[in-house]
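**Q** The structure's right below; bear with me while I get my questions together.
Every number in this text was worked out from the coordinates using simple rules, so none of it is lab data. What you are looking at is a predicted structure, and each value in this text was computed from that prediction instead of being measured. With ideal geometry, Cβ positions are generated from the backbone for all residues, glycine too; neighbour counts draw on all protein chains shown.
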Amino acid sequence: MNIKCAIIDDDQNQIDLIKEYIQLFPTFELVNAYTNPIQALAEITTGETIDILFIDIGMPHMSGLDLANQIGSKVKCLIIITAYPQHALEAFEVSVKQYLVKPVSQLRFTEAISKIITEYFPLEQNKKIEDDSLFVQTEEKGWFTKLTKSEILFIESNRNYIKIITETNQVTTHMGMKDVTNALLQDTRFMRVHQSYLVNVTKTKRVAGNTIEFDEVNKVVMSRAHKAKFMAYMDSRMLQRKISDKDS
């Protein structure tokens, strides 16, 4: 059974952003998105139960907190996404489960939703997820590029920017390596081999000394501090000839 979601925010751009983030979770089903809180209240209170409702606070006609008070049992989990951090205490008094302050990064969103799933939808957490996609904000404001993690060769960090190299293209985004590492290191395909490089080990074509080669063009040099872990990965998959008594 899918987790039914709805969004209430008077900013259409914010709604579009949350929609993009929701697509990262294959078991999520977006039931509706509203820019008018009065309409949202009328439809939600008379409709089917919503599993997760994302609400803004500062909206015309009705604040998100007033709305949360009136929705009651029609919503299992309320998540506030707002530009006003000062209302957090009041929000938790009306049973809000997560309080996110705009702008909300993809990483922050996924961390919050993962906690919600673990605590309130444990059966969904155990379902096999086939979706291998990842959305990355591009240098062009407001645009996101969908990548497939299995196609990523490596990720290179350069101060506050990262470059994601895939089998077919590359994407640059404003993000630190720490954010990427936190998001991807739970995926066993990815390994840190240098302060500036995170690689997809399954895409390795050849290793020569300290250099990992993915193809004729894309190559990464391992640092001494990180090389041992990568070599241990190689050793665990090394095809070796068994020495028999005849060879001795």
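**Q** For the range 37-52, in order, what is each residue's ³J(HN,Hα) by Karplus, 6.51 cos²θ - 1.76 cosθ + 1.60 with θ = phi - 60°, in whole Hz (x at glycine and Pro)?
**A** x, 5, 4, 4, 4, 5, 6, 6, 5, 10, x, 6, 5, 9, 6, 10
**Q** I've got another one for you. Can you give the helix-only mean residue ellipticity at 222 nm for the chain, where every DSSP H stretch with n ≥ 4 adds -39500 (n - 2.57) and the sum goes over all residues, rounded to the nearest 500 deg cm²/dmol?
**A** Dividing the helical sum by the residues of the chain leaves -8500 deg cm²/dmol.
**Q** Taking H placed 1.01 Å from N in the peptide plane, check which residues at least 5 places from ALA33 or on another chain put their amide H under 5 Å from its amide H.
**A** Amide H neighbours of ALA33, under 5 Å, 5+ apart: ILE7.
**Q** P(r) tail for the range 37-98, what percent of Cα pairs lie past 13 Å?
**A** It works out to 57 percent of all Cα pairs.
**Q** Here's another thing I want to ask about it. Can you give me the long-range amide H partners of MET59? Hydrogens built in the peptide plane at 1.01 Å from N, cutoff under 5 Å, separation of 5 or more residues or another chain.
**A** Residues meeting the amide H criterion: GLY64.
**Q** Now for a different question. What range in the chain is the longest one free of GluC sites (Glu not before Pro) that are in a loop by DSSP and have at most 11 other Cβ atoms within 10 angstrom?
**A** The segment 49-129 is the longest one with no such site.
**Q** Comparing PHE25, PHE190, PHE121, which has the greatest mean-square fluctuation in the GNM of the chain with Cα pairs linked when under 10 Å apart?
**A** PHE121
**Q** Mind listing the long-range amide H neighbours of PHE144? Cut-off is under 5 Å, sequence gap 5 or more, other chains count too, H placed in the peptide plane at 1.01 Å from N.
**A** THR138
**Q** Hey, another quick one. Using the Karplus curve 6.51 cos²θ - 1.76 cosθ + 1.60 with θ = phi - 60°, work out ³J(HN,Hα) for each residue of the range 71-78 in order, rounded to whole Hz, and write x for Gly and Pro.
**A** After applying 6.51 cos²θ - 1.76 cosθ + 1.60, I find 6, x, 7, 6, 10, 6, 10, 9 Hz.
**Q** For helix 224-235, what angle does its Cα long axis make with the longest principal axis of the chain, in degrees from 0 to 90 and rounded to 10?
**A** Relative to the chain, helix 224-235 is tipped by roughly 80 degrees.
**Q** Another question, if that's okay. Using only the Cα atoms, what convex hull volume per residue in Å³ does the chain have?
**A** Expressed per residue, the convex hull around the Cα atoms of the chain is 169 Å³.
**Q** What trypsin sites (Lys or Arg not before Pro) does the range 169-241 have in DSSP loop regions with at most 16 other beta carbons within 10 Å?
**A** Here the trypsin sites (Lys or Arg not before Pro) that fit, given the DSSP loop and packing criteria, are ARG189, LYS205, ARG237, ARG241.
**Q** Then there is this: Beyond a 22 Å Cα-Cα separation, which of these cross-linked pairs lie in this structure: LYS163/LYS203; LYS74/LYS146; LYS76/LYS178?
**A** Result: LYS74/LYS146; LYS76/LYS178 exceed 22 Å.
**Q** Let me ask something else about it. State the extension gain, in nm to one decimal, for the chain segment bounded by LYS219 and MET231, taking 0.36 nm per residue of separation less the distance between their alpha-carbons.
**A** 2.7 nm
**Q** Can you sort HIS61, HIS194, HIS226 so the residue with the fewest Cβ neighbours within 10 Å comes first?
**A** Arranged by neighbour count, lowest to highest, HIS61, HIS194, HIS226 become HIS61, HIS226, HIS194.
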